[in-house]
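Here the structure comes first, spelled out in structure tokens, and everything after it is commentary.
Only the coordinates and a few stated rules stand behind these numbers; no lab work does. Here the structure is a predicted model, which is why all the values come from computation and not from measurement. Methodologically, a virtual Cβ is constructed for each residue, glycine included, from the backbone with ideal geometry; neighbour enumeration extends over all protein chains shown.
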Amino acid sequence: MLKLEIHPGAEADYNAALEWYLQRSRGAALRFEHAVDQALNEIRAAPHRWARCDQVHRMRRVKRYPHYVIYRVEANAVLVVAVAHARRRPDYWKDRD
């Protein structure tokens, strides 16, 4: 299995979304946290399984939430570049190295 790396921008995305859910419902926040963990584990186990969103990146929907995990497969790792809301600011993450 490849190593999973998280871009600082993706971590900021995740923390902002988690905080938004926490302000509304602790249960929703915990479920979001679990759903993202599940998506990350599935990506790590089979990184080529999900659809490409451009020539380099792939995306995995977070179950029950309007978010995608955007990532790319590198030589020795999977790099998560964004935890992006499905309906806001499309492609804002494209400049992340």
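Please list, ordered by first then second residue, the pairs with beta carbon atoms under 7 Å, 6 or more apart or interchain, first in region 12-38 and among the acidic types (D, E), second in a helix (DSSP H, G or I) and surrounded by 14 or more Cβ atoms within 10 Å (Cβ to Cβ).
E33/L18
Just give me the residues in region 45-68 being out of contact with any Phe, Trp or Tyr (no Cβ under 9 Å at 6 or more places or on another chain) and either of a type in the set (V, I, T) or more than 25 Å from E19 (Cα to Cα) (or both), in sequence order.
A45, A46, H48, R49, A51, R52, D54, Q55, V56
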